[in-house]
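The values are calculated or read from the model by the stated rules, or taken from the named source; none is laboratory data. Being a predicted model, the structure only gives us computed values, none of them experimental. Quick reminder, even Gly has a Cβ in these numbers, built from the backbone with ideal geometry, and neighbours come from all protein chains shown.
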Amino acid sequence: MKYDFDQPVNRENTLSLKWDVKPGVLPMWVADMDFRCAPAIEKAIRERTDNGVFGYTVIGDEWYDAYISWWKRRHGFEIKKDWLMFVTGVVPAISSAVRKFTTPNENVVIQTPVYNIFFNSIINNGARVLENPLKFDGEKYEMDFEDLEKKFSDPQTTLMILCNPHNPVGKIWNREELREVGRLAEKYNVTVISDEIHCDLCDPGFEYVPFASVDETCRSVSITCIAPTKAFNLAGIQTAAIYSANENLRHKINRAINTDEVAEPNVFAAIIPQAAFNQSEDWLDELRQYLFDNKQFVRQFIKENIPEIKVIDSNATYLLWLDCSAVCKDATVLKDYLAEKAGLLLSEGEEYGQCGKSFLRLNTATCRSRIEIGLNFLKKGIIQFRQEEMQ
Ligand SMILES: Cc1ncc(COP(=O)(O)O)c(C=O)c1O
């Protein structure tokens, strides 16, 4: 390996959201990684700061070329330059879209359990969450198309936020599933926002399918959000992109993000995608292997040591979705217990919708030695929790 992901990185006193925890608590919750970013990215930031002037900044041709070339090379999909626009983040883009594409009390469909901030983007902007829960058979998750059609057929439904690949269940949607979403969206005149922020974090050998690449229908009903921030660990830089092949949707989302003032880059946001996509491909490939090995390590440890917890099979993201229903029905209680008594901070499943109530989400994007510490905290915590429950 050229890059050393085993090296622990000290993130204390860096105003890190993830590490804003009590001393002694290991944070394995919010989705960012405890790794230094790729050397080419650090170098690009250093070179830019050497200039010492940080004035208003514009997006250059290199920014467009970097996105277009990456999606063509890595995902086999050609994004046209005039489809693309800069935005400060995927969440700002989604919130803007909700404001622009819904009137008060219209429905936005999401497939729960799903990224918790989707709920905020919908509710805070005066729309309603309409859940199309994923079907769970105790082992794996599937889309429920019968229910999706029912939800789309409500004339109050105008928008869907698709999570592709899916956070927290780690599922990569296949072409047929996405085609069916597109077909139903067109039939009921629903616009699809495809959030593809996790797309570069598929397991080695697995590929995601860009929603807009599926067919002309998917292209015409959708707006897609992409970014280098999740895969290259740059969430604090706030840089993302939106594209749509549909001229009308493109015009509307462009007006939305400009009205909301989330369409202008800071100095780093304008250069970092180039350093990531053009110069850090080998770093990402090694990272993906490291994350995959971490996930396998966690699965094996839990199987051998805490078999009452079931790790849901997945092929994308560094997040593992843990079915804790055999330990307790309300995993929020368990999460609080682990944070207080075992020194381990995970995310509670209920944040991702009621159907996630007996689950916890574990972030595996840290060095192996911390994974081992976290797993031992988890094992100790579960044993103690069960003993106290029995008393
Ligand atoms: C599905 C999904 N979308 C969006 C985001 C955040 O995007 P941004 O930081 O660009 O606002 C996350 C972060 O975890 C996420 O999981």
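Structural remarks
- Candidate set: the range 140-156, residues that are touching a residue at least 24 places away in the same chain (Cβ under 8 Å), surrounded by 13 or more Cβ atoms within 10 Å (Cβ to Cβ) and not in a loop (DSSP other than H, G, I, E, B); chosen: the one nearest to the ligand (Cβ to nearest atom): Tyr141
- Asp323, sole failed condition from (1) touching a residue at least 24 places away in the same chain (Cβ under 8 Å); (2) surrounded by 21 or more Cβ atoms within 10 Å (Cβ to Cβ): (2)
- In the range 210-227, the residues that are within 14 Å of the ligand (Cβ to nearest atom) and without any contact (Cβ under 8 Å) to a residue 60 or more places away in the chain: Phe211, Thr224
- Scanning the range 164-205 for residues that are within 16 Å of the ligand (Cβ to nearest atom) and under 15 Å from Ile312 (Cβ atoms) turns up Pro165, His166, Asn167, Pro168, Val169, Gly170, Lys171, Ile172.
- Helices (runs of 4 or more DSSP H) lying entirely in the range 29-139 (those with 2 or more residues that are outside the structural domain of Asp154 (by TED's automatic domain parsing) and within 16 Å of the ligand (Cβ to nearest atom)): none
- Considering residues of the range 244-273 that are closer than 16 Å to Phe101 by Cβ, touching a Ser or Thr at 6+ places or on another chain (Cβ under 6 Å) and not basic (Lys, Arg) only, the residue nearest to the ligand (Cβ to nearest atom): Val262
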